[in-house]
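The values are calculated or read from the model by the stated rules, or taken from the named source; none is laboratory data. On a predicted model such as this, the values are computed, not experimentally measured, just so you know. Cβ sites come from the backbone with ideal geometry, for glycine too, and all protein chains shown count toward neighbours.
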Number of protein chains: 2
Amino acid sequence: MNLFYTDKLTAGLITLDEEESRHFNVLRLKEQDKVLVSDGKGNYAEGTAVKAGKKKVEIQIEEVRHSPKRKTYELTIAIAPTKHNERTEWFIEKAVEIGVDKIIFVNTKNTERNKINLDRYKKIARSAGKQSLTYHLPELSGLVKFESALNETATKEKYIALCNGDLHIRQIPVNKNSNYIFLVGPEGGFTQGEIDLAQKKGFKPILLSGKRLRTETAGIFISTALEIMLG
Amino acid sequence: MNLFYTDKLTAGLITLDEEESRHFNVLRLKEQDKVLVSDGKGNYAEGTAVKAGKKKVEIQIEEVRHSPKRKTYELTIAIAPTKHNERTEWFIEKAVEIGVDKIIFVNTKNTERNKINLDRYKKIARSAGKQSLTYHLPELSGLVKFESALNETATKEKYIALCNGDLHIRQIPVNKNSNYIFLVGPEGGFTQGEIDLAQKKGFKPILLSGKRLRTETAGIFISTALEIMLG
């Protein structure tokens, strides 16, 4: 059964947004067809298409259920958007497939992209979520200032990915119920001032690999590493 | 210093191939500039450009050195090329960055791509290798028949990635001196016949993640997992 996302999922009649309605039609679905609908926050329901307009599809929802997250840890990746936008989009797709709870796009000193299209990024996350049939989509936000990303005070395990970190990601505390944040810098890296500030705020420098990884690769590497170490 | 690759690296005068010579010029390098040259097999040398033609750059090499591999295990990924070629190209780039020793492109029953451009794939590997400044490029081969990929008899640890594998990749034997091969199927998956045949040849079914991963994501996931578990 095909999966669609909606911002608000309730029993009764719901309307898919324009993008999701278009996708419904691309799949050549019709009235009376059964579909799955999720809010991307763990809630999902089976529904029946009752009106299939080109830009407005209405679904009759019976019972909304909740699917708990498969994993118990929380992962936030605070990442600088890449110069070439497709690299960031690729990171989003892969992070959704592999698993991440929150992505914060961060404007650092050396970030070469000062504007992002968050709506487009959300579409990419939805599309990847459909592919992996997930009811849990990451929360996307940004662009925020570097300083704001450091104020994730509820997060216990804080790391900043550096090419010369002392601690290897393999060596971080493995706690399945903890929450983690990783800062990933832009192509030009973090400035010394940013590194100092992050350390002051409790972020520990961490090494991902003996090799130099691109920004988007570092993000995917972190998602996979935590899935292997804690999943 | 910029890194260039050559098939044969010896002391004395060497000529960069057309592609590498073009890249030399794109970087606006000139005669007398110092560069690094590697054969992608661990050998490297410092050299001086002595003739900088548009399609033919000559480098004077003094001493060829050998850089041992950072990791002691060997990883082969035998993967079906994806329907959309750019997904395979992304996989190659990321696998080079993260680390893989051999990539074999495999023609399976459900593979939707029966031809690959191995030269282009090698170019992508070189380009990713330059980015991560590596003297070790993976060996790329294919397209081979599925049955041929099963005859990697020198490989000790053999796995076939399946959505319903019993064994999780986290649970495989961790031996830093062993060599590993993972089979990764196309979008449509392996056929039951292929799975049976692989098992007969000693490949164990393995689960990568609780979520469904795309072909290229599975490949990147495996490279990262081994780097975390064995690196």
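Given (1) over 27 Å from A:Gly202 (Cβ atoms); (2) assigned to a strand (DSSP E or B), where does A:Ile104 come up short, assuming only one miss?
Of (1) over 27 Å from A:Gly202 (Cβ atoms); (2) assigned to a strand (DSSP E or B), only one is false for A:Ile104: (1).
Looking at A:Gly193, A:Gly189, which one is in the same structural domain as A:Thr108 (by TED's automatic domain parsing) and either under 20 Å from B:Lys130 (Cα atoms) or of a type in the set (Val, Ile, Thr) (or both)? So that I can check it myself, show each step before the final result.
On the way: A:Gly193 fails: either under 20 Å from B:Lys130 (Cα atoms) or of a type in the set (Val, Ile, Thr) (or both).
The match here is A:Gly189.
What pairs can you find where one residue is in the stretch B:7-28 and outside the structural domain of B:Val57 (by TED's automatic domain parsing) and modelled with pLDDT under 95, the other is of a type in the set (Asp, Glu) and part of a helix (DSSP H, G or I), and their Cβ atoms are less than 9 Å apart, with a gap of 6+ or different chains?
That search, which allows pairs on different chains as well, returns nothing.
Which one of B:Val106, B:Val100, B:Val96 is within 14 Å of chain A (Cβ to nearest Cβ), within 27 Å of B:Asp7 (Cα to Cα) and touching a strand residue (DSSP E or B) at 6+ places or on another chain (Cβ under 8 Å)?
Numbers: B:Val106 fails: within 14 Å of chain A (Cβ to nearest Cβ); B:Val96 fails: touching a strand residue (DSSP E or B) at 6+ places or on another chain (Cβ under 8 Å).
After ruling out the rest, the residue left standing is B:Val100.
Looking at the stretch B:124-131, is at least one residue over 9 Å from the mean Cα position of the chain (by Cα) and among the basic types (Lys, Arg)? Break it down into steps so the answer makes sense when it comes.
Taking the stretch B:124-131 as the starting set, the residues that turn out to be over 9 Å from the mean Cα position of the chain (by Cα) are B:124, B:126-131.
Next, from what is left, pick out any that are among the basic types (Lys, Arg): B:126, B:130.
Looking for residues that are over 9 Å from the mean Cα position of the chain (by Cα) and among the basic types (Lys, Arg), one finds at least one in the stretch B:124-131, hence yes.
If we scan the stretch A:46-68, do we find a residue that is within 14 Å of chain B (Cβ to nearest Cβ) and either surrounded by 13 or more Cβ atoms within 10 Å (Cβ to Cβ) or not β-branched (Val, Ile, Thr) (or both)? Break it down into steps so the answer makes sense when it comes.
Let us first name the residues in the stretch A:46-68 that are within 14 Å of chain B (Cβ to nearest Cβ), namely A:67-68.
Keeping just the survivors that are either surrounded by 13 or more Cβ atoms within 10 Å (Cβ to Cβ) or not β-branched (Val, Ile, Thr) (or both) gives A:67-68.
Looking through the stretch A:46-68, at least one residue is within 14 Å of chain B (Cβ to nearest Cβ) and either surrounded by 13 or more Cβ atoms within 10 Å (Cβ to Cβ) or not β-branched (Val, Ile, Thr) (or both).
Out of (1) at pLDDT 95 or above; (2) assigned to a helix (DSSP H, G or I), what's the single condition that is false for A:Leu140?
Against the list (1) at pLDDT 95 or above; (2) assigned to a helix (DSSP H, G or I), A:Leu140 comes up short only on (2).
So which residues in the stretch B:218-231 are under 13 Å from B:Arg170 (Cα atoms), within 15 Å of the chain's Cα centre (by Cα) and at the interface with another protein chain (Cβ under 7 Å from one of its Cβ atoms)?
The answer is B:Phe221, B:Thr224, B:Glu227.
Out of curiosity, is B:Glu74 in contact with an Asp or Glu (Cβ under 8 Å, 6 or more places away or on another chain) and under 22 Å from B:Ser132 (Cβ atoms)? Lay out the reasoning, then the answer.
Values: in contact with an Asp or Glu (Cβ under 8 Å, 6 or more places away or on another chain): yes; under 22 Å from B:Ser132 (Cβ atoms): yes.
Spelling it out, B:Glu74 is indeed in contact with an Asp or Glu (Cβ under 8 Å, 6 or more places away or on another chain) and under 22 Å from B:Ser132 (Cβ atoms).
Under 7 Å between Cβ atoms, at least 6 apart or on separate chains: pull out the pairs that start in the stretch A:188-215 with a residue that is more than 29 Å from A:Glu86 (Cα to Cα) and end on any residue that is part of a loop (DSSP other than H, G, I, E, B).
Close Cβ pairs (under 7 Å, with a partner that is part of a loop (DSSP other than H, G, I, E, B)) amount to A:Leu197/A:Leu150; A:Lys201/A:Leu150.
Here are A:Arg87, A:Arg70, A:Arg65, A:Arg113: which of them is at pLDDT 95 or above, among the basic types (Lys, Arg) and in contact with a strand residue (DSSP E or B) (Cβ under 9 Å, 6 or more places away or on another chain)?
On the way: A:Arg87 fails: in contact with a strand residue (DSSP E or B) (Cβ under 9 Å, 6 or more places away or on another chain); A:Arg70 fails: at pLDDT 95 or above; A:Arg113 fails: at pLDDT 95 or above.
A:Arg65 is the lone residue from the list that is at pLDDT 95 or above, among the basic types (Lys, Arg) and in contact with a strand residue (DSSP E or B) (Cβ under 9 Å, 6 or more places away or on another chain).
Within the stretch A:109-147, take every residue that is closer than 23 Å to A:Lys200 by Cα and of a type in the set (A, V, I, L, M) and give me the one that is nearest to the other protein chains (Cβ to nearest Cβ).
Residue satisfying both the conditions and the ranking: A:Leu143.
Being among the polar types (S, T, N, Q) and within 14 Å of chain B (Cβ to nearest Cβ) is the filter; apply it to the stretch A:171-217 and report the residue that is farthest from B:Leu230 (Cα to Cα). Before the answer, list the steps.
Filtering the stretch A:171-217 down to residues among the polar types (S, T, N, Q) leaves A:171, A:175, A:177-179, A:191-192, A:199, A:209, A:215, A:217.
When the remaining residues are screened for being within 14 Å of chain B (Cβ to nearest Cβ), the result is A:171, A:209, A:215, A:217.
Values: A:Gln171: 13, A:Ser209: 12, A:Thr215: 23, A:Thr217: 19 Å.
That would be A:Thr215.
If I go through the stretch B:24-82 residue by residue, how many of them are of a type outside the set (S, T, N, Q), touching a helix residue (DSSP H, G or I) at 6+ places or on another chain (Cβ under 8 Å) and under 30 Å from B:Val100 (Cα atoms)? Full working, then the answer.
First, pick out the residues of the stretch B:24-82 that are of a type outside the set (S, T, N, Q): B:24, B:26-31, B:33-37, B:39-42, B:44-47, B:49-59, B:61-66, B:68-71, B:73-75, B:77-81.
Still in the running and touching a helix residue (DSSP H, G or I) at 6+ places or on another chain (Cβ under 8 Å): B:35, B:40, B:49, B:52-57, B:71, B:73, B:75, B:77-81.
From what's left, under 30 Å from B:Val100 (Cα atoms): B:35, B:40, B:57, B:71, B:73, B:75, B:77-81.
Counting residues in the stretch B:24-82 that are of a type outside the set (S, T, N, Q), touching a helix residue (DSSP H, G or I) at 6+ places or on another chain (Cβ under 8 Å) and under 30 Å from B:Val100 (Cα atoms) gives 11.
Residues checked against (1) surrounded by fewer than 16 Cβ atoms within 10 Å (Cβ to Cβ); (2) within 26 Å of A:Phe91 (Cβ to Cβ); (3) touching a strand residue (DSSP E or B) at 6+ places or on another chain (Cβ under 8 Å):
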position	(1), (2), (3)
B:Thr153	yes, no, no
B:Tyr159	no, no, yes
B:Asn175	yes, no, yes
B:Phe190	no, no, yes
B:Asp196	yes, no, no
B:Leu207	no, yes, yes
B:Leu213	no, yes, no
B:Ser223	no, yes, yes
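Would you pick out the residues in the stretch B:83-92 that are in contact with a helix residue (DSSP H, G or I) (Cβ under 7 Å, 6 or more places away or on another chain) and within 12 Å of B:Asn117 (Cβ to Cβ)?
Of all residues in the stretch B:83-92, those in contact with a helix residue (DSSP H, G or I) (Cβ under 7 Å, 6 or more places away or on another chain) come to B:87-92.
Hits for the stretch B:83-92 are B:Thr88, B:Glu89, B:Ile92.
Within the stretch B:177-231, how many residues turn out to be of a type in the set (Asp, Glu) and closer than 30 Å to A:Leu167 by Cα? Full working, then the answer.
Looking only at the stretch B:177-231, we keep the residues that are of a type in the set (Asp, Glu), and these are B:187, B:194, B:196, B:216, B:227.
Still in the list and also closer than 30 Å to A:Leu167 by Cα: B:216, B:227.
Number satisfying all stated conditions: 2.
This table checks each residue for (1) crowded, with 20+ Cβ neighbours inside 10 Å; (2) in contact (Cβ under 8 Å) with a residue 60 or more places away in the chain.
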{"position": "B:Thr82", "(1), (2)": "yes, yes"}
{"position": "B:Glu89", "(1), (2)": "yes, no"}
{"position": "B:Gly99", "(1), (2)": "yes, yes"}
{"position": "B:Asn107", "(1), (2)": "yes, no"}
{"position": "B:Asn117", "(1), (2)": "no, no"}
{"position": "B:Gly129", "(1), (2)": "yes, yes"}
{"position": "B:His136", "(1), (2)": "yes, yes"}
{"position": "B:Ser141", "(1), (2)": "no, no"}
{"position": "B:Phe146", "(1), (2)": "yes, no"}
